[in-house]
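> Can you read through this structure? Questions will come right after.
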Amino acid sequence: MNAPRPRPALALRRYAATQASEVHDFHQIVLGVEGSMEMAVDGRGARIDRSGAWIIPAGARHDYWAAGDNRQLVLDLPLASLAVPERFFEQARCIALHPSITRLVAGFAPGAGVGQSHECHRFAWQAAAHLCGALMHDAGNAAFPSKGLDFARIDAWLRRHLAEPLRIADLAAHCGFGMRRFHQLFNDAFGETPHRYVQRLRLDTALTRLADPLAALTDIALDCGFADQSTFTHAFTKRFGMAPGQWRAGSTRTH
């Protein structure tokens, strides 16, 4: 029997005034929707409202509480579920959200639930891919510890060039490293090889494109860097458990 594929989960939650604590084996992003909440991760505390979010690495203890009415959009990200560099979760932190991300959060919040249906899982995948893409775009403006690769800049470059063949040697040279050293640094920063990360990134991007009913599957395949629709369909089905057309039909029918 094949092991279940790691997949993101999305839920809209309200927090109580009573302090509670959690630790989990997946990364988590808590995005403010309404009201505000207090959170402390590994002893570092901050309040978030609709203009902020907490980035919580797997294994980090976090304490939380809230006074008054509040709603938060909680995104659970198991390892290897979405294309997000591992170093993005290197440390817990509270971040300010760009207004465009705030609008995304407000748009996805009403559809977030705790159901176990295929429709809920599809919605969670698609919303998570949109949100993580927006957060990574915004990460290019943030300051990260200056060690290893500038993962936010490389992620942004890859997203802009998805339609092109991936030439690791060119990317390594662009970053000023030899191939062997670049592979090592990339694995350290992203948690997997360049080819595996780009494949995941292409499929995440395709997932968001499927929300547009007017976008042809062939165009999505080529724009995301697949040789043809057949190659795209095979990779998509292997990752998500159904063909792109089936995914779109289910998402359109439900949402």
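> Tell me, yes or no, whether the stretch 56-67 has at least one residue that is part of a strand (DSSP E or B), under 25 Å from Leu201 (Cβ atoms), open to solvent by less than 40 Å² (accessible area, probe 1.4 Å) and without any contact (Cβ under 8 Å) to a residue 60 or more places away in the chain.
The answer is yes, given that some residue of the stretch 56-67 is part of a strand (DSSP E or B), under 25 Å from Leu201 (Cβ atoms), open to solvent by less than 40 Å² (accessible area, probe 1.4 Å) and without any contact (Cβ under 8 Å) to a residue 60 or more places away in the chain.
> Let me confirm something: among Ala169, Ala189, which residue is over 17 Å from Ala129 (Cβ atoms), in a helix (DSSP H, G or I) and in contact (Cβ under 8 Å) with a residue 60 or more places away in the chain?
Going through Ala169, Ala189 in turn, just one is over 17 Å from Ala129 (Cβ atoms), in a helix (DSSP H, G or I) and in contact (Cβ under 8 Å) with a residue 60 or more places away in the chain: Ala189.
> With the requirement that a residue be open to solvent by 50 Å² or more (accessible area, probe 1.4 Å) and within 23 Å of His98 (Cβ to Cβ), what does the stretch 13-44 give you?
Those that are open to solvent by 50 Å² or more (accessible area, probe 1.4 Å) and within 23 Å of His98 (Cβ to Cβ): Arg13, Glu34, Arg44.
> Same structure, new question: Identify, by number, the condition in (1) within 30 Å of Arg200 (Cα to Cα); (2) part of a strand (DSSP E or B) that Arg7 doesn't meet.
(2)
> Also, quick follow-up: I'd like the full set of residues that are over 19 Å from Arg122 (Cα atoms), of a type in the set (A, V, I, L, M, F, W, C) and surrounded by fewer than 16 Cβ atoms within 10 Å (Cβ to Cβ), limited to the stretch 223-250.
Listed by number, the list holds a single entry, Ala227.
> What tally of residues in the stretch 220-246 results from selecting those that are more than 16 Å from His195 (Cβ to Cβ) and touching a Lys or Arg at 6+ places or on another chain (Cβ under 6 Å)?
Of the residues in that region, 1 qualify.
> Also, I was wondering about something else. Collect the residues in the stretch 78-107 that are farther than 22 Å from Arg47 by Cα and either among the hydrophobic types (A, V, I, L, M, F, W, C) or open to solvent by less than 10 Å² (accessible area, probe 1.4 Å) (or both), keeping them in residue-number order.
Those that are farther than 22 Å from Arg47 by Cα and either among the hydrophobic types (A, V, I, L, M, F, W, C) or open to solvent by less than 10 Å² (accessible area, probe 1.4 Å) (or both): Leu79, Ala80, Ser81, Leu82, Ala83, Val84, Pro85.
The values are calculated or read from the model by the stated rules, or taken from the named source; none is laboratory data. Source: prediction; values computed, not measured. Here the Cβ is made from the backbone with ideal geometry for all residues, glycine too, and neighbour counts use every protein chain on show. Note: areas computed on protein heavy atoms with side chains; ligands, DNA, RNA excluded. Shrake-Rupley method; radii C 1.70, N 1.55, O 1.52, S 1.80 Å.
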